[in-house]
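Inspection log for the structure reproduced underneath, given as structure tokens.
The values are calculated or read from the model by the stated rules, or taken from the named source; none is laboratory data. Because the structure is predicted, anything quoted here is derived from the model rather than measured. A quick note on method: Cβ atoms are made from the backbone with ideal geometry, for glycine too, and the neighbour counts reach across all protein chains shown.
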Amino acid sequence: MSDKERQEILAMIAAGKITAAQGAEMLSASRQAPPPASPTPPEPPKSEWVEEMPAKSNGRKPSWLHIRVSDGEGRNKVSVNFPLRFVKFGLRLGSRFAPELEGIKLDELNEVLEDVEAGTLVEVIEEEKGEHVHIYVD
């Protein structure tokens, strides 16, 4: 899919001609080959609530945001991949309809997303249930 076609789909979403879910389906259906599967991160130590991991940079800007939630036994419960460009667009669009986003400086958040290096952004372990949330970009 060309950049022009992607921009047309995003414009249709912004104009309200299609929903964000329909646009996401169109974008994902048009891809010929799915992105390579991200390896499951190693199970972090259970004794820490939040673990800080160093970012791994391979010299290129990350283009995907990954969200993984796994249970205490390492099985994925939720696995979501978003193109970073779509996240930025969604934040702008969502800020118009979500009062919860009021007060968040979207320009600053977009700048952070522009400058972020590949690697872990957030990792949280819920000790009681043993759930593991891992948010990273590559």
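Would you pick out the residues in region 74-100 that are among the hydroxyl-bearing types (Ser, Thr, Tyr) and part of a strand (DSSP E or B)?
Initial filter on region 74-100 (among the hydroxyl-bearing types (Ser, Thr, Tyr)): 79, 95.
Residue satisfying the conditions is Ser79 alone.
Does at least one position in region 75-85 carry a residue that is among the charged types (D, E, K, R) and either touching an Asp or Glu at 6+ places or on another chain (Cβ under 8 Å) or within 20 Å of Ala11 (Cα to Cα) (or both)? Steps first, answer last, please.
If we filter region 75-85 for residues that are among the charged types (D, E, K, R), which is where we start, we get 75, 77, 85.
Next, only the ones that are either touching an Asp or Glu at 6+ places or on another chain (Cβ under 8 Å) or within 20 Å of Ala11 (Cα to Cα) (or both) stay: 77, 85.
Taking every residue of region 75-85 in turn, at least one turns out to be among the charged types (D, E, K, R) and either touching an Asp or Glu at 6+ places or on another chain (Cβ under 8 Å) or within 20 Å of Ala11 (Cα to Cα) (or both).
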(message) Filter region 75-125 down to the residues that are closer than 29 Å to Ile18 by Cβ, under 16 Å from the mean Cα position of the chain (by Cα) and small (Gly, Ala, Ser) and list them by number.
(response) Ser79, Gly90, Gly94
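Any residue at all in region 101-110 that's assigned to a helix (DSSP H, G or I), surrounded by fewer than 13 Cβ atoms within 10 Å (Cβ to Cβ) and at pLDDT 75 or above? It would help to see each step written out before you state the result.
Here is the first cut: in region 101-110, the ones assigned to a helix (DSSP H, G or I) are 101, 106-110.
Okay, now just the ones that are also surrounded by fewer than 13 Cβ atoms within 10 Å (Cβ to Cβ), so 107-108.
From what's left, at pLDDT 75 or above: 107-108.
Yes: one or more hits.
I'm trying to understand the selection: among the residues of region 117-132, which are of a type in the set (A, V, I, L, M) and surrounded by fewer than 16 Cβ atoms within 10 Å (Cβ to Cβ)?
Keep residues of region 117-132 that are of a type in the set (A, V, I, L, M), which gives 118, 121-122, 124-125.
Val122, Val124, listed by residue number.
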